[in-house]
Amino acid sequence: MAPRTLYDKIWDDHVAHEAEDGTCLLYIDRHLVHEVTSPQAFEGLRMTGRKVRAPEKTIAVPDHNVPTTTDRANAATMTEESRIQVEALDKNAKDFGINYYPVSDVRQGIVHIVGPEQGWTLPGMTVVCGDSHTATHGAFGALAHGIGTSEVEHVLATQTLIQKKSKNMKVEITGSLRPGVTAKDITMSVIGATGTAGGTGYVIEYCGQAIRELSMEGRMTVCNMAIEGGARAGLIAPDEKTFAYCLGRPHAPKGAKWEAALAYWKTLFTDEGAHFDKVITLKGEDIAPVVTWGTSPEDVLPITSVVPAPTDFTGGKVEAVQRALDYMGLTAGQKLTDIAIDTVFIGSCTNGRIEDLRAAAAILKGKKIKVKRAMVVPGSGLVRAQAEEEGLAQIFIDAGFEWRMAGCSMCLAMNPDQLAPGERCAATSNRNFEGRQGRGGRTHLVSPGMAAAAALTGHLTDVRELM
Amino acid sequence: MDKFTKLTGIAAPMALVNIDTDMIIPKQFLKTIKRSGLGVNLFDEMRYNLDGSEIPEFVLNQPAYREAQIIVAGDNFGCGSSREHAPWALLDFGIRCVISTSFADIFFNNCFKNGILPIVLPQDAVDVLMEDAKKGANARQTVDLEAQTVTTSDGRVFSFDVDSHRKHCLLNGLDDIGLTLEKAASIDSYEAKAAQAFPWA
């Protein structure tokens with residue numbers, strides 16, 4: 001057999017049917033579901049009298065709408081529309097018999113944090129969800145990507161997706177990262193280098209020493225933003241760190257099944273000489289702590305830079321940059337570290353895991369914030385509990401942060417956690433689009449350490465100066 | 001799903017690059033549990049002031065483009081969130097075709113599930129169509145899916161590629177799930193095989 005990439009191998013092991021024109025039915029091992037992109041799909045099943053084909057492989061959790069204040073058990077904390085959506089998921093999970101973590105369950109959280117935490121996500125699997133950040137699960141060497149609601153209904157009914165194979169792209173990060181530089185800076189720097197459409201039509205495999213040196217949580221951060229680079233999915237070959245993470249998780253295999261799984265997982269790597277259609281290489285040593293200045297994730301620069309001018313760009317980007325500077329209220333030539341920050345948001349499926357909270361707390365310990373508002377929203381109830389046990393919660397509270405319950409929160413501002421028009425936020429989330437965190441809100445994407453640094457100084461800050 | 005065969009209609013020019021699905025339909029409108037009724041909020045924050053009044057400069061508020069059925073867009077249209085509310089909102093407004101140099105993957109897929117045809121053309125062709133669209137309501141473009149052509153109001157013809165399976169489904173308004181269920185035997189046999197090979201999955 002010709003040498004194959006990791007993506008080729010997972011693909012080959014999941015083709016249930018291939019038509020003459022190359023259109024495949026790809027079998028789906030894990031289907032994650034949340035309240036916003038699923039109600040119409042369940043309604044479609046009811047209207048056609050169809051069932052969920054594999055309820056045991058389907059996992060639902062409400063995350064987008066849910067309030068993150070500690071009084072959220074009170075239904076009045078949700079708007080009528082949000083409440084209807086969450087209640088619809090409660091009912092659909094029950095009626096169709098799928099695995100469910102309701103808001104009241106300590107395991108509830110952001111679907112992309114709950115999946116790995118509970119051991120649903122395992123190497124070599126196909127994982128889909130009606131959410132673009134499904135790419136996160138690629139950190140396990142799983143083929144994971146977002147789908148629309150029609151495809152959610154298709155997977156519920158058939159446990160397959162109609163797919164054509166993507167091309168292979170390799171993103172190699174050589175060497176080691178310097179102190180203060182994180183997985184978030186890797187993934188944002190890659191998008192800065194390729195653009196938000198640079199990965200369109202590809203599945204990215206991240207590799208190289210700097211990727212191998214990342215923890216599983218860091219790898220999830222890297223893969224999470226593969227979608228921001230336009231890729232269908234991002235993945236990383238599993239290794240001993242991956243296996244150690246999975247071992248003992250509630251839904252990971254045990255005993256003889258674990259041994260069988262492990263033997264298979266060890267075959268999940270790109271063969272020597274396998275073909276990649278596109279290759280990008282960055283040196284780990286060259287990556288700096290970065291920040292976005294505009295309204296696209298590709299608008300990224302090292303924190304030591306200045307705001308660029310529209311004339312620094314060509315083509316359609318000239319108009320887009322002018323529009324972005326107007327929206328962001330920035331002037332070309334302004335130092336990024338001179339940008340004053342009103343609000344800090346630490347959380348999301350990109351940076352809402354325990355290591356993210358540890359990194360932020362390390363910067364904040366014993367200090368007070370200078371921004372008007374700062375909040376930490378743990379990625380799951382279990383992350384929250386662990387952070388309380390480790391004393392991190394108290395560090396955040398003492399510094400002046402609000403200590404919240406788990407959910408998507410201000411990453412997309414579907415719940416009450418929103419920016420006001422003109423309010424400027426340093427956020428550990430994944431999108432700085434116009435209006436993303438609230439109409440007129442201004443978002444600068446950063447790592448957890450950089451968010452903590454901005455909270456302490458009141459402006460964008462190079463975290464390395466506070467370490 | 002409605003069939004898509006041939007369409008002659010007004011094309012609205014939106015040259016901005018990286019138009020994301022948060023722009024197409026902001027999150028506050030994702031709280032619906034229905035697919036319909038989103039057209040009034042299409043491009044909501046670009047289209048309306050905070051007090052709900054229309055922003056007259058926005059293309060779909062201009063008299064010439066209020067009945068547009070085609071959008072000619074800048075590169076990387078539909079990037080970001082997977083929300084299918086974006087094509088639902090476009091469709092509900094009356095848009096049946098979007099033309100650009102590239103589309104984000106999930107949005108592109110979602111269009112086909114809803115009877116919207118996304119067309120990828122090279123930059124020089126999109127430039128010609130963009131200029132043609134700027135002429136206003138009298139400049140109607142024609143999209144012929146069977147022939148795989150777009151024709152400008154003054155008769156210039158551009159050919160486009162489309163996946164054969166997706167073309168077949170659009171031309172006939174076919175339901176994907178129904179088609180897949182015809183292959184249930186293949187899924188059964190895959191599951192039987194996988195239960196042996198991957199018993200932990």
Practice item. Please verify whether the range B:67-77 includes one or more residues that are among the small types (G, A, S), surrounded by fewer than 20 Cβ atoms within 10 Å (Cβ to Cβ) and at pLDDT 95 or above. Key: no
If we scan the range B:151-161, do we find a residue that is within 16 Å of the chain's Cα centre (by Cα), within 30 Å of A:C129 (Cα to Cα) and at pLDDT 95 or above?
-> yes
Conditions (1) under 18 Å from the mean Cα position of the chain (by Cα); (2) open to solvent by less than 20 Å² (accessible area, probe 1.4 Å); (3) more than 24 Å from B:F198 (Cβ to Cβ); (4) within 14 Å of chain B (Cβ to nearest Cβ) -> A:G294 fails only (1)
In the set A:R431, A:R424, A:R464, the lone residue that is of a type in the set (D, E, K, R) and within 21 Å of B:K31 (Cβ to Cβ) is A:R431
Scanning the range A:143-192 for residues that are out of contact with any Ser or Thr (no Cβ under 9 Å at 6 or more places or on another chain) and under 15 Å from A:R219 (Cα atoms), the one farthest from the other protein chains (Cβ to nearest Cβ) turns out to be A:S176
Would you be able to say whether some residue in the range B:43-58 is polar (S, T, N, Q), open to solvent by less than 50 Å² (accessible area, probe 1.4 Å), modelled with pLDDT of 95 or more and closer than 30 Å to A:G195 by Cβ? no
Screening B:F112, B:F108 for residues that are open to solvent by 10 Å² or more (accessible area, probe 1.4 Å), in contact (Cβ under 8 Å) with a residue 40 or more places away in the chain and under 16 Å from the mean Cα position of the chain (by Cα) leaves only B:F112
Residue set A:E228, A:E205; condition more than 10 Å from every other protein chain (Cβ to nearest Cβ), open to solvent by less than 30 Å² (accessible area, probe 1.4 Å) and either of a type in the set (D, E) or more than 17 Å from A:M125 (Cβ to Cβ) (or both); output residue A:E205
Checked against (1) in contact with a Pro (Cβ under 8 Å, 6 or more places away or on another chain); (2) open to solvent by 10 Å² or more (accessible area, probe 1.4 Å); (3) under 26 Å from A:T187 (Cα atoms), A:L392 satisfies every condition except (1)
For the range A:445-456, state whether one or more residues are within 14 Å of another protein chain (Cβ to nearest Cβ), part of a strand (DSSP E or B), under 23 Å from B:T21 (Cβ atoms) and touching a residue at least 24 places away in the same chain (Cβ under 8 Å). yes
Of the residues in the range B:170-201 that are in contact (Cβ under 8 Å) with a residue 60 or more places away in the chain and buried (at least 19 other Cβ atoms within 10 Å of the Cβ), the one that is nearest to the other protein chains (Cβ to nearest Cβ) is B:D176
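The values are calculated or read from the model by the stated rules, or taken from the named source; none is laboratory data. Fair warning: this is a prediction, and the values are worked out from it, not measured in the lab. Note that each Cβ is placed from the backbone with ideal geometry, even for glycine, and that neighbours are counted across all protein chains shown. Note: areas computed on protein heavy atoms with side chains; ligands, DNA, RNA excluded. Shrake-Rupley method; radii C 1.70, N 1.55, O 1.52, S 1.80 Å.
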